[in-house]
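Report on one structure; see the data block that follows.
The values are calculated or read from the model by the stated rules, or taken from the named source; none is laboratory data. Only a predicted model underlies this, so the values are computations on that prediction, with no experimental measurement involved. All Cβ positions, glycine included, derive from the backbone under ideal geometry; neighbour counts span all protein chains shown.
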Amino acid sequence: MGELRHLRLDGCALLTDEGLSLLAASPKLKCLNVSGCKKICDATVSLVGNLRQLQQLELSHCNITDVGLRSLCAMVSLERLDLEGCVEITDEGLVCVEDSPKLRYLNLSGCVLVTDGFVRERLVRVAVVVVTFRGTGELNM
């Protein structure tokens, strides 16, 4: 898996953290999509956090929390992060994400515990932030 650059596993309902542990042998991985993989949780995000060259990470509708998000703090190459439907994420978990130097796109739609105040005040460096607040429409920044 040493030459792997893009990996799409979205919707793989049986995919677990253990299965993704093989990613540690993928130093050139740039894009990873595990959206909708319900068995993916904080342990997976910890593994992914070690992939410093990762530019795009799609975790929508995965079972991750603020604990898992903290693992992303060291991902200096991350440009795009999709957390849509990750309902356990709060403002606190996003604190380290706001400092990601290259982050330009962040999807927080359906992250019902993230406040609009945090998005407006703390995520100003991110070029595009997509958020839907409890069915009131999208806020694009």
**Prompt:** When you go through (1) surrounded by fewer than 17 Cβ atoms within 10 Å (Cβ to Cβ); (2) within 25 Å of Gly2 (Cβ to Cβ) one by one for Gly49, which number turns out not to apply?
**Reply:** (1)
**Message:** Tally up the residues in the stretch 1-25 that are surrounded by 14 or more Cβ atoms within 10 Å (Cβ to Cβ) and at pLDDT below 85, please.
**Reply:** 5
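Assigned to a helix (DSSP H, G or I) and within 12 Å of the chain's Cα centre (by Cα) - does that describe any residue in the stretch 76-93? Walk me through it before giving the result.
Of the residues in the stretch 76-93, the ones assigned to a helix (DSSP H, G or I) are 91-93.
Imposing the further condition that a residue be within 12 Å of the chain's Cα centre (by Cα) reduces the set to 93.
So far as the stretch 76-93 goes, yes, one or more of its residues are assigned to a helix (DSSP H, G or I) and within 12 Å of the chain's Cα centre (by Cα).
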**Message:** Consider the stretch 29-57. How many of its residues are of a type in the set (D, E, K, R) and more than 16 Å from Lys102 (Cα to Cα)?
**Reply:** 3
**Asked** Looking at this structure, is Val126 in contact with a strand residue (DSSP E or B) (Cβ under 8 Å, 6 or more places away or on another chain), more than 22 Å from Leu14 (Cα to Cα), in a strand (DSSP E or B) and in contact (Cβ under 8 Å) with a residue 24 or more places away in the chain?
**Response** no
**Prompt:** How many residues does the stretch 26-46 hold that are under 17 Å from the mean Cα position of the chain (by Cα), surrounded by fewer than 18 Cβ atoms within 10 Å (Cβ to Cβ) and not in a helix (DSSP H, G or I)?
**Reply:** 4
